[in-house]
Amino acid sequence: MENIVVDVQERVERAQNYFKAGYNCAQAVVMAFDDVMGLTPEELARLTAPFGGGMGRMREVCGTVSGMAFLAGAIKPSADPSNLDERKENYALVQKFAQEFRDENGDIVCRRLLGLEPMAERTETPMPSARTAEYYRKRPCVEYVGSAARIVAEHLAK
């Protein structure tokens, strides 16, 4: 990862453009860092598809935060289960990313970020919302995508 150049604004724009092209929130964040992950955008889209909409559109942890956690696996890898120091560093990075997102956006839970509480009265279907002009007007997701991409990019730029 030493040879990766990180232009923070460029990563934010890439992530937001992926989202505007129809990819879900988790996909958009992760795909903007395909060079960090060492995978193609298509491979990353396939691997992160289930995390959109707060995990399969269940409106739990925001997909952008899941995307940041996914990226933490490449930034601070922890592949050996007996290496607790690596695991601690990985978890610490995930927590750092989540806290920065929470501080900036008020929460990390999709349904609360979107004002969909209480969920007990709602049943979310697995059908994604159509990406219309109205969708983008009423949903702040593109801003959350940009926030998450910026948080990761700023970390990498240091």
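Right, residue 137: part of a helix (DSSP H, G or I) and either at pLDDT 95 or above or surrounded by 16 or more Cβ atoms within 10 Å (Cβ to Cβ) (or both) or not?
no
Any residue in segment 105-128 that is closer than 27 Å to residue 158 by Cα and exposed (fewer than 13 other Cβ atoms within 10 Å of the Cβ)?
yes
Name every residue in segment 26-48 that is under 18 Å from residue 142 (Cβ atoms) and small (Gly, Ala, Ser), in order of residue number.
Within segment 26-48, 26, 28, 32, 45 qualify.
Any idea which of (1) assigned to a helix (DSSP H, G or I); (2) within 17 Å of residue 145 (Cβ to Cβ); (3) not hydroxyl-bearing (Ser, Thr, Tyr) is the one residue 53 doesn't satisfy?
Of (1) assigned to a helix (DSSP H, G or I); (2) within 17 Å of residue 145 (Cβ to Cβ); (3) not hydroxyl-bearing (Ser, Thr, Tyr), only one is false for residue 53: (1).
Can you name the condition, by its number, that residue 129 falls short on among (1) assigned to a helix (DSSP H, G or I); (2) over 22 Å from residue 36 (Cα atoms); (3) free of Cβ contacts under 8 Å to residues at least 24 places away in the same chain?
Failing condition for residue 129: (1).
In segment 3-19, which residues are of a type outside the set (Ser, Thr, Tyr) and outside any loop (DSSP other than H, G, I, E, B)?
8, 9, 10, 11, 12, 13, 14, 15, 16, 17, 19
Test residue 28 against the stated conditions and say whether it is outside any loop (DSSP other than H, G, I, E, B), free of Cβ contacts under 8 Å to residues at least 60 places away in the same chain and closer than 22 Å to residue 96 by Cα.
no
Restricting attention to segment 1-45, report how many residues are over 14 Å from the mean Cα position of the chain (by Cα) and of a type in the set (Gly, Ala, Ser).
Matching residues across segment 1-45 total 3.
For segment 11-22, give me each residue that is more than 14 Å from residue 135 (Cβ to Cβ) and either in contact with a strand residue (DSSP E or B) (Cβ under 9 Å, 6 or more places away or on another chain) or not hydrophobic (A, V, I, L, M, F, W, C) (or both).
11, 13, 14, 16, 17, 18
Taking only pairs six or more apart or across chains, which ones have beta-carbon atoms under 6 Å, a first residue in segment 59-81 that is farther than 18 Å from residue 15 by Cα, and a second residue that is assigned to a helix (DSSP H, G or I)?
Once the first residue is farther than 18 Å from residue 15 by Cα and sits in segment 59-81, its partners that are assigned to a helix (DSSP H, G or I) give 59/110; 59/111; 76/89; 76/90; 76/93; 78/86; 78/87; 78/90.
What is the residue count in segment 22-68 for residues that are out of contact with any Ser or Thr (no Cβ under 9 Å at 6 or more places or on another chain) and small (Gly, Ala, Ser)?
6
Name the pairs whose Cβ atoms lie under 8 Å apart, with the first residue in segment 36-50 and more than 22 Å from residue 155 (Cα to Cα), the second assigned to a helix (DSSP H, G or I) and of a type in the set (Val, Ile, Thr), and 6 or more positions between them or separate chains?
Pairs found: 47/30.
Tell me yes or no: at least one residue of segment 103-124 is in contact (Cβ under 8 Å) with a residue 40 or more places away in the chain, among the aliphatic types (A, V, I, L, M) and under 30 Å from residue 3 (Cβ atoms).
Looking through segment 103-124, none of the residues is in contact (Cβ under 8 Å) with a residue 40 or more places away in the chain, among the aliphatic types (A, V, I, L, M) and under 30 Å from residue 3 (Cβ atoms).
Condition check: exposed (fewer than 12 other Cβ atoms within 10 Å of the Cβ) and either under 16 Å from the mean Cα position of the chain (by Cα) or more than 26 Å from residue 73 (Cα to Cα) (or both). Does residue 131 satisfy that?
In short, no.
The values are calculated or read from the model by the stated rules, or taken from the named source; none is laboratory data. Everything numeric here is computed off the predicted structure, so don't read it as measured data. Don't worry about glycine lacking a Cβ; one is built from the backbone with ideal geometry, like all the others, and counts go over all protein chains shown.
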